[in-house]
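A.B. asks: Got a structure for you, questions after.
The values are calculated or read from the model by the stated rules, or taken from the named source; none is laboratory data. This one's a predicted model, so the numbers in the text were calculated from it and none came from an experiment. Glycine gets a Cβ as well: all are built from the backbone with ideal geometry, and neighbour counts include every protein chain shown.
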Amino acid sequence: MNNDTLKVLAKTAGIISALYLFLVGIAGMSSAIKHMGSGFAETVLTTTSDPFIALFIGIFATVLFQSSSTTTSLIVGMVSSGSLTVASSIPMIMGANIGTTVTNTIVSIGHINKRTEFKRAFAASTVHDFFNIMAVIIIFPIEIIFHPLQKISEWFAIELFGKIDNIDVLQAKSPIRVAVKSGSKFIQKFTLDNDVIYLILSVAITFLMLYVLVKLLKSLVLKKIEGFFDQYIFNTTIKAMIFGVIITIMVQSSSITTSLVVPLAGAGVLTLRQIFPFTLGANIGTTVTALLAAITGTVSALVAAFSHLLFNIFGILIIYGVPLLRNIPLTLAENIADAAVSKKYVPILYLLTIFVIIPFCIIYFGR
């Protein structure tokens, strides 16, 4: 075995190790934010029956929970217990789709000191934001007036509920998720159970591993890596979308799935158009957790879970299925990335405005 082969193997091992620690950092960051805001989020979820406010509650709660899977599973559980109506749950689930994109946008800021990398990474993260926002803009008013998601979901739930009643469904634990969670818990031991320290340490690990990943990816002849992705995974829209679904089911978090491609975008391994369908697959994959949580619950819980799946499917069919609409999230992502490169405060302002200030103000003043 020659030196070049040894170097490639060593760098590959380094990428795998850095990727694992990168995921550990994201998991720790999400866990710390969740601990700091979960009590408030759970209280907020039951505060309104107004669908418009419910939409922003879904966004804000997911930002606090750092997981749309957690938010939707909680919503499904509340519907099952009768503390939340199906009509209120559907707008919240739509909001959860927007809130879940905050993590990968935060990760992209790790590239901020390198203009070209940051532009690619920020565009790759925000294209998911803009797609989900567009889906809500189109589907939310239709749902409020005609209730297609609720009606179709009710039909599915009633048809299936009799077949699955009294059957215990085992939710298999993903080995990747278990390994990442163990790593984040190990890091937590060094924080003296202080969530702020835990958050700072997790962010530091995430950004450090992001830097290492990009360096190693660049040093491993990018054309070879690009060739692998082009040939086997991202060469067609369907493959990229299916890969997004599978990875999200495996890690049980669309936040982690979409954050995974940010370093690849920053390093120039993947283009924005290749990443776009992958993030849409993540949208589908993230509905599995809620479906599993609902499948042993009530008909109403299944309606809420199915509505999440249908919302994402219809969003893909309407927006990605129409070329004119498909290009809008791509164009918006590229434009805001250009603005973020020239003005460094834009990413922070964008994050705070979209994910914190607007939802909080609408919830607070609309109650």
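A.B. asks: Would you check if there is a residue in region 345-363 being more than 26 Å from Ile57 (Cα to Cα) and surrounded by 14 or more Cβ atoms within 10 Å (Cβ to Cβ)?
C.D. replies: no
A.B. asks: Among (1) under 19 Å from Gly315 (Cα atoms); (2) modelled with pLDDT of 85 or more; (3) not hydrophobic (A, V, I, L, M, F, W, C), which single condition is Thr236 missing?
C.D. replies: Only one criterion in (1) under 19 Å from Gly315 (Cα atoms); (2) modelled with pLDDT of 85 or more; (3) not hydrophobic (A, V, I, L, M, F, W, C) is unmet by Thr236, namely (1).
A.B. asks: I need the full set of residues from region 181-198 which are among the aliphatic types (A, V, I, L, M) and at pLDDT 80 or above, in order please. Can you show your working first?
C.D. replies: Within region 181-198, the subset among the aliphatic types (A, V, I, L, M) is 187, 192, 196-197.
Selection gives Ile187, Val196, Ile197.
A.B. asks: Based on what the data block shows, is Lys224 outside any loop (DSSP other than H, G, I, E, B), modelled with pLDDT of 70 or more and of a type in the set (Lys, Arg)?
C.D. replies: no
A.B. asks: Shifting gears a bit: Among the residues of region 335-344, how many are among the β-branched types (Val, Ile, Thr) and either in contact with a Lys or Arg (Cβ under 6 Å, 6 or more places away or on another chain) or loosely packed, with under 14 Cβ neighbours inside 10 Å (or both)?
C.D. replies: 1
A.B. asks: Considering only residues that are aliphatic (A, V, I, L, M) and surrounded by fewer than 23 Cβ atoms within 10 Å (Cβ to Cβ), which ones fall in region 268-280?
C.D. replies: Leu272
A.B. asks: What is the residue count in region 160-180 for residues that are at pLDDT 55 or above and assigned to a helix (DSSP H, G or I)?
C.D. replies: Residues in region 160-180 being at pLDDT 55 or above and assigned to a helix (DSSP H, G or I): 8 in total.
A.B. asks: Does Ile15 satisfy being at pLDDT below 75 and surrounded by 12 or more Cβ atoms within 10 Å (Cβ to Cβ)?
C.D. replies: no
A.B. asks: Are any of the residues in region 30-47 at pLDDT 70 or above, among the acidic types (Asp, Glu) and closer than 30 Å to Phe140 by Cα?
C.D. replies: no
A.B. asks: Could you check region 106-121 and list, in sequence order, the residues that are touching a Phe, Trp or Tyr at 6+ places or on another chain (Cβ under 9 Å) and assigned to a helix (DSSP H, G or I)?
C.D. replies: Matches in region 106-121: Val107, Ser108, Ile109, Gly110, His111.
A.B. asks: Could you grab me the full set of residues in region 339-367 that are over 23 Å from the mean Cα position of the chain (by Cα) and touching a residue at least 12 places away in the same chain (Cβ under 8 Å)?
C.D. replies: Val341, Lys344, Gly366, Arg367
A.B. asks: Which ones in region 126-159 are out of contact with any helix residue (DSSP H, G or I) (no Cβ under 7 Å at 6 or more places or on another chain) and either more than 15 Å from Ile93 (Cβ to Cβ) or modelled with pLDDT of 95 or more (or both)?
C.D. replies: Ile137, Pro141, Ile145, Phe146, Lys151, Trp155, Glu159 - these are the residues of region 126-159 that are out of contact with any helix residue (DSSP H, G or I) (no Cβ under 7 Å at 6 or more places or on another chain) and either more than 15 Å from Ile93 (Cβ to Cβ) or modelled with pLDDT of 95 or more (or both).
A.B. asks: Of all residues in region 237-248 being under 12 Å from the mean Cα position of the chain (by Cα) and surrounded by fewer than 24 Cβ atoms within 10 Å (Cβ to Cβ), which is farthest from Tyr320 (Cα to Cα)?
C.D. replies: Checked region 237-248; the qualifying residue farthest from Tyr320 (Cα to Cα) is Ile247.
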